[in-house]
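The values are calculated or read from the model by the stated rules, or taken from the named source; none is laboratory data. Because the structure is a prediction, the values reported are computed rather than measured. When we count neighbours, we look across all protein chains shown, and the Cβ atoms used for this are built from the backbone with ideal geometry, even at glycine.
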Ligand code: OAD
């Protein structure tokens, strides 16, 4: 039996599916991942762009970087992997997608039950009153005026930066769902950023079947029950095809 057939057989007897995604799921839409040879962290410094201290030092620079990333995402479209996940949502009685991505592509592909653990690049949060608003780039390039809230406070991207805690409600909801799930499908993540990196072991200890889809071996590959090498946009549609 091939790994894909193995995976289909596990999914056919499941009622509740937990899906975890990372930047690799959006790679085929043309959105750069973080690690790997062309990854964002190879060319940009997380310390200068994705920490609360970086924003304090130079909010213009941070906003320019986030607007640049928005502009790439706005030109992109959901790919076959995002669409396959939407199909999985329709097949399973119970379904939850936990994504580390901030790009909104799962929503644009039509998936409904989504938790975003690292926020969303198209939202901003006021540093004064904490109000969260939708925020989309008007034009690329240098920032003349920093984005501000109606209260006058400075807005920051509503994403999780290095050194910041994740939203505990989101994390608890994801763990509650995962505990009851039959299968955890983990796609396109390097599996090195905590707390998400702990999910495969959390699932294994609870005898939840784990499946990984990734272009390359990761630290997760040795923990999961089934590891499928390949592009998410090719592998996931093949898995879904066999479930219909
Ligand atoms: P990474 O960039 O660390 O990892 C992307 C993973 O996707 C790698 O394991 C690749 O092998 C895999 N990959 C690339 N293209 C693929 C494809 N077409 N199909 C399948 N797999 C593919 O991204 P994340 O794991 O999402 O956090 O990174 C986790 C977090 O680290 C991000 O949310 C971000 C980053 O720093 C914050 O900014 C807080």
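What the table shows:
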quantity	calculated
Close pairs (7 angstrom Cβ cut-off, 6 or more residues apart or separate chains): farther than 20 Å from residue 62 by Cβ in segment 33-45, more than 6 Å from the ligand (Cβ to nearest atom) anywhere	35/41; 38/32
Selection within segment 3-27 - over 21 Å from residue 82 (Cα atoms) and assigned to a loop (DSSP other than H, G, I, E, B)	13
Of all residues in segment 28-65 being part of a helix (DSSP H, G or I) and closer than 26 Å to residue 214 by Cα, the one that is farthest from the ligand (Cβ to nearest atom)	43
Odd one out for residue 171, checked against (1) surrounded by fewer than 19 Cβ atoms within 10 Å (Cβ to Cβ); (2) within 20 Å of residue 106 (Cα to Cα); (3) in the same structural domain as residue 235 (by TED's automatic domain parsing); (4) touching a strand residue (DSSP E or B) at 6+ places or on another chain (Cβ under 7 Å)	(4)
Every residue from segment 40-52 that is out of contact with any helix residue (DSSP H, G or I) (no Cβ under 8 Å at 6 or more places or on another chain) and over 20 Å from residue 22 (Cα atoms)	52
Test: residue in segment 87-109 that is outside the structural domain of residue 154 (by TED's automatic domain parsing), on the phi > 0 side of the Ramachandran plot and within 19 Å of the chain's Cα centre (by Cα)	yes
Count of residues meeting criterion [within 16 Å of the ligand (Cβ to nearest atom) and either closer than 16 Å to residue 121 by Cα or surrounded by 13 or more Cβ atoms within 10 Å (Cβ to Cβ) (or both)] in segment 137-163	7
Any hit, segment 177-185, residues being in contact (Cβ under 8 Å) with a residue 40 or more places away in the chain, within 16 Å of the ligand (Cβ to nearest atom), buried (at least 23 other Cβ atoms within 10 Å of the Cβ) and within 20 Å of the chain's Cα centre (by Cα)	yes
Answer residue from segment 100-120, given it is assigned to a loop (DSSP other than H, G, I, E, B) and away from the ligand (no atom under 16 Å from the Cβ) and is surrounded by the most Cβ atoms within 10 Å (Cβ to Cβ) among those	111
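Here's the yes/no breakdown for (1) within 16 Å of residue 26 (Cα to Cα); (2) out of contact with any strand residue (DSSP E or B) (no Cβ under 6 Å at 6 or more places or on another chain); (3) modelled with pLDDT of 95 or more:
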{"position": "84", "(1), (2), (3)": "yes, yes, yes"}
{"position": "94", "(1), (2), (3)": "no, no, yes"}
{"position": "103", "(1), (2), (3)": "yes, yes, yes"}
{"position": "107", "(1), (2), (3)": "yes, yes, yes"}
{"position": "112", "(1), (2), (3)": "no, yes, yes"}
{"position": "115", "(1), (2), (3)": "no, no, yes"}
